[in-house]
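Heads up, the thing below is written out as structure tokens.
The values are calculated or read from the model by the stated rules, or taken from the named source; none is laboratory data. A quick note: this is a predicted structure, and the numbers were derived from the prediction, not measured. Cβ atoms come from the backbone with ideal geometry, glycine included; neighbour counts cover every protein chain shown. Protein only, heavy atoms only, side chains kept; ligands, DNA and RNA dropped before computing areas. Shrake-Rupley method; radii C 1.70, N 1.55, O 1.52, S 1.80 Å.
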Amino acid sequence: MRLVYEPKGRAREYAALAANLYTSCTHGCLYCYAPRCMQRKRDLFHTTASVRKNALRLFAADCTEYAEQHLTEPVLMSFVSDPYQPDELELRITRKALEIAAGHKVPIHILTKGGTRAIQDFPILVETGSQAAFACTLTVYDKSWSAKLEPCAAEPEDRLQALKAAHDAGLSTWVSFEPSIDEESVIKFIRLSHSYVDLYKVGAISGDKSLSRISNWRDYGMSVINELEKYEKEYIIKNDLEKELMPDGQ
Ligand code: SF4
């Protein structure tokens with residue numbers, strides 16, 4: 001494979017295969033770990049939406065190989081960029097990649113903070129295969145707080161709207177609560193979204209922990225699990241949070 005890759009470490013808990021068509025992201029999240037991963041200067045990474053050289057040609061070649069090898073794992077877009085950052089509406093790189101994936105029946109999982117910017121592509125996402133899914137990262141519910149934390153991402157309510165639209169379009173839906181910033185917001189998101197979100201993935205926070213209001217991770221984890229079980233929702237607790245739930249914190 002050329003552009004599709006096997007994630008390692010924490011990302012591996014989300015997907016066995018992933019692809020980054022963009023090599024930067026203008027959402028500008030304060031907690032973004034991508035510049036460090038990509039060995040890029042933070043300011044430059046968040047200034048323009050750069051597209052990987054020959055991204056679509058490389059992705060098309062990978063899709064051909066995927067089909068020839070009879071692979072079935074969904075390919076997640078994206079870990080170190082966002083497929084629906086604002087410039088996608090003009091560049092249409094993600095949309096073109098989805099068209100290629102649909103042609104080869106390569107199931108795609110979209111993970112984004114772009115909210116309803118993605119809605120127009122749902123019919124193509126559906127065409128990538130029965131395992132296709134749409135997912136959003138949700139952090140804080142208050143839109144002014146979100147605007148400081150994730151300045152150019154879609155507002156929290158807009159992301160919820162996109163998840164509902166994805167569900168209505170027949171897609172599987174999931175939410176990533178990682179980084180976990182505010183327990184009250186997470187509980188509110190579950191209450192608002194449980195009828196149209198199929199799966200929740202819950203983690204802690206990597207990098208700057210001062211951005212999170214959560215101090216007792218065990219209490220946080222138990223509270224979120226209780227809320228999810230109240231609605232009989234499927235969930236995955238990521239390893240970093242799972243460790244906090246062990247009696248001795250091991
Ligand atoms: S959406 Fe993801 S890649 Fe983009 S700035 Fe935020 S954390 Fe970084």
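Tell me the mean residue ellipticity at 222 nm calculated for the chain from its helices only (DSSP H runs of n ≥ 4, each -39500 (n - 2.57), averaged over every residue, nearest 500).
Value at 222 nm, helices only: -11000 deg cm²/dmol.
Compute the Rg to Rh ratio over the range 9-245 from the alpha carbon atoms, using the Kirkwood formula for Rh, and round to two decimal places.
Ratio value, two decimals: 0.95.
For the range 132-250, calculate the relative contact order in percent as a whole number, restricting contacts to Cα pairs under 8 Å that are 6 or more residues apart.
It rounds to 25 percent for the range 132-250.
Within the range 172-250, list the GluC sites (Glu not before Pro) lying in a DSSP loop whose Cβ has at most 11 other Cβ atoms in a 10 Å radius.
GLU232
Tell me, what % of the accessible area of the chain is carbon and sulfur with a 1.4 angstrom probe?
Its accessible area is 49 percent carbon and sulfur atoms.
Counting other C-beta atoms within 10 Å, and keeping those with at most 16, which DSSP coil chymotrypsin sites (Phe, Trp or Tyr not before Pro) do you find in the range 119-219?
TYR196
Please get the size of the charge dipole for the range 75-137, origin at its Cα centre, with Cβ charges of +1 on Lys and Arg and -1 on Asp and Glu, quoted in debye to the nearest 20.
My answer is approximately 100 debye.
To the nearest 10 degrees, how steeply does helix 93-104 sit against the main Cα axis of the chain, on a 0 to 90 scale?
Helix 93-104 sits roughly 70 degrees off the main axis of the chain.
Where nothing but the Cβ of Lys and Arg (+1) and of Asp and Glu (-1) is charged, how large is the charge dipole of the range 169-250 around its Cα centre, in debye to the nearest 20?
Its charge dipole is roughly 140 debye.
Accessible area per residue, 1.4 Å probe, Å², for the chain: what's the number?
Solvent-accessible surface per residue comes out at 46 Å².
Pop out the ³J(HN,Hα) list for the range 77-86 in order, Karplus 6.51 cos²θ - 1.76 cosθ + 1.60 with θ = phi - 60°, rounded to Hz; leave Gly and Pro as x.
For the range 77-86, the Karplus curve yields 10, 8, 8, 10, 6, 10, x, 10, 5, x Hz.
Using a 1.4 Å probe on the protein heavy atoms only, what accessible surface does HIS194 show? Give it in Å² to the nearest 10.
50
How big is D for the range 1-135, in µm² s⁻¹ as a whole number, if Stokes-Einstein is applied with the Kirkwood radius of its Cα pairs at 20 °C and 1.002 mPa s?
145
Among all cysteines in the chain, which have no other cysteine Cβ under 4.7 Å from their own Cβ?
By the Cβ distance rule, which asks for a partner under 4.7 Å, the isolated cysteines are CYS25, CYS37, CYS63, CYS136, CYS152.
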